[in-house]
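The values are calculated or read from the model by the stated rules, or taken from the named source; none is laboratory data. Predicted model only: the values in this text are computed from it and were never measured. All Cβ positions, even for glycine, are placed from backbone atoms using ideal geometry, and neighbour counts span all protein chains on display. Each accessible area value is taken on the protein alone, full model and side chains, heavy atoms only, with ligands, DNA and RNA left out. Shrake-Rupley method; radii C 1.70, N 1.55, O 1.52, S 1.80 Å.
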Amino acid sequence: MQLIAFATLLSIATIASAVPLPVNPGDVHMAKPNKFIPPQAGKGANIPHPVVALATHDTKGHVPIVIGSHNLPQQMKADSKPANDYTKHSTGAFTDKHVHGQKVPTALSVGHPTKIHHSDLLPMKNPSVPHHLSGADMKHLHKDVGDTLVAKAKAKIAAGKK
């Protein structure tokens, strides 16, 4: 009898964990880069970083995101913008980090959107960081992500690549 009760609880827990969370465009969460799709390796891969949902999750539970960090990988730095460029109309601000006496702002990698499964999103616990970007700030972020991706595609075409 106890085995049946345990099996029932286990199946309920499995079903409950498979139900997508209500992830909305503009939601700010934390996520470990080694959980991104594709996963990122490196020094900070197991440390939660801020991410902004670009859209709601798909039927597989994947959420398109932009990554925030004080130290983005080199290949992402050129296509990044200060995160607080996207908090002008939102409540809160992304925090700066001080390294060797210098202020290092959080940057969003607008040129390298990726995705993550909703179950790998962690709650934003820092009360000073926005938990959701306003509609105007999301419109600005969507424009910059789109403009950056279009510019990269045009550069590839100009260089003779597909």
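Details
- For region 112-162, dividing the convex hull volume of the Cα atoms by the residue count gives 109 Å³ per residue.
- Where only DSSP H runs of four or more residues are counted, the chain gives -9000 deg cm²/dmol as its mean residue ellipticity at 222 nm, each run worth -39500 (n - 2.57).
- Size descriptors for region 42-162 (Cα atoms only): Rg and Dmax, in that order, 15.1, 47 Å.
- Per residue value of the accessible surface for the chain (all protein chains in place, 1.4 Å probe), Å²: 62
- Asn46 sits among other residues whose Cβ lies under 10 Å from its own Cβ, and their net charge, with Lys and Arg +1 and Asp and Glu -1, is +3.
- Apportionment of accessible area to carbon and sulfur, region 72-120, percent (1.4 Å): 49
- 3J(HN,Hα) along region 33-48: x, 6, 9, 5, 10, x, x, 9, 9, x, 3, x, 5, 9, 9, x Hz, from the Karplus curve 6.51 cos²θ - 1.76 cosθ + 1.60 with θ = phi - 60°, whole Hz, x for Gly and Pro.
- The aspartates and glutamates whose alpha-carbon is closer than 16 Å to the alpha-carbon of Lys81, local same-chain residues fewer than 8 away aside, are Asp96, Asp137, Asp144, Asp147.
- With a threshold of 20 Å on the Cα-Cα distance, the over-threshold entries among Lys77/Lys97; Lys43/Lys156; Lys77/Lys143; Lys77/Lys125; Lys43/Lys97 are Lys43/Lys156; Lys77/Lys125.
- Separation of alpha-carbon centers, region 34-62 and region 87-152, rounded to whole Å: 13
- Farthest positive-ward along the chain dipole, Cα basis, beta-carbon charges - from Ala158, Asn46, Ile65: Ala158
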